[in-house]
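One structure below.
FYI, it's all coordinate maths here, none of it is from the lab. Bear in mind that the values here come from a model prediction, so they are computed numbers and not experimental data. For neighbour counting, all protein chains shown are included, and Cβ atoms are generated from backbone atoms with ideal geometry for every residue, glycine included.
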Amino acid sequence: MKRATWSAHEDAEQHGFSRALLEGALPRESYAAMVAQHYFAYAALEEVGRSLAADPVAGRVVHPELFRVPALERDLTALYGADWRERIAPTAPTRAYTERIERTAEDPAGYVAHHYTRYLGDLSGGQFIRRVAERAYGLDQRGGTAFYDFSALGSLPRFKARYRAQLDALELELDAAAREHVVDETRLAYRLNMAVLADLGASFAADAAV
Ligand code: HEM
């Protein structure tokens, strides 16, 4: 999976918004706006995940210990205040992304692609973002960077190795068309994520220019 989609990852990583984020150069409001958009994406991912928990394909990757919505709620309370629900809304690219995720309720192999793209990313590059954000904005896992805190999983390298093994096993069971579908859907998931970041980056650049 990684081999088939890594060039899409490089685009995501090189993105202006991601670079500013990694350099700790992003204003706190832009970080908060990203967390808010994550909230809508994970609400969709986890709602569909619950509905597919018993599915023979998608059920293999659904791990309730990964669920991020409770952590995102804590982060949003820290970043926006107790009334955060009234203060955030999905952007157009986030709506396109969540609609695509919702469609995978009928497409379990496609759901696996979306699951992989987000959670493996959070368990990998996300851990760098966490350190930068904690330093840049003075946040911690009690509120602000709880999203990146996966201590409930125990060892992250061990969890990731197990997750990859589960994906590899699944791959062997799928026919060629289904395998191709998962790879295509993963590339699409990267593009949808990039569109969300590009849009956030455009408003950040517009603010910076004022
Ligand atoms: C802020 C910029 C980013 C950085 C610095 C970054 C960095 C990394 C690093 C270092 C890894 C581990 C590679 C390895 O295990 O050898 C990784 C893996 C991954 N990242 Fe990112 N990443 C970024 C953005 C993203 C975005 C936007 C997505 C998609 C939403 C994403 C999805 C993934 C996935 C799915 C993996 C797992 C690949 C695999 O091992 O199969 N990353 N990232």
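Worth pointing out:
- For the criterion of being over 20 Å from Ala195 (Cα atoms) and either within 12 Å of the ligand (Cβ to nearest atom) or touching a residue at least 60 places away in the same chain (Cβ under 8 Å) (or both), Arg100 fails.
- Index of the failed condition, Tyr42 passing every other in (1) hydroxyl-bearing (Ser, Thr, Tyr); (2) touching a residue at least 24 places away in the same chain (Cβ under 8 Å); (3) surrounded by fewer than 19 Cβ atoms within 10 Å (Cβ to Cβ); (4) within 13 Å of the ligand (Cβ to nearest atom): (3)
- So Ala133, is it in a helix (DSSP H, G or I), within 12 Å of the ligand (Cβ to nearest atom) and crowded, with 17+ Cβ neighbours inside 10 Å: yes
- Count of residues meeting criterion [out of contact with any helix residue (DSSP H, G or I) (no Cβ under 6 Å at 6 or more places or on another chain) and buried (at least 24 other Cβ atoms within 10 Å of the Cβ)] in segment 98-111: 0
- Enumeration of residues in segment 101-149 that are more than 16 Å from Ala44 (Cα to Cα) and of a type in the set (Lys, Arg): Arg130, Arg131, Arg135, Arg142
- Out of Tyr111, Tyr137, Tyr80, sole residue that is touching a residue at least 12 places away in the same chain (Cβ under 8 Å) and within 21 Å of Ser18 (Cβ to Cβ): Tyr137
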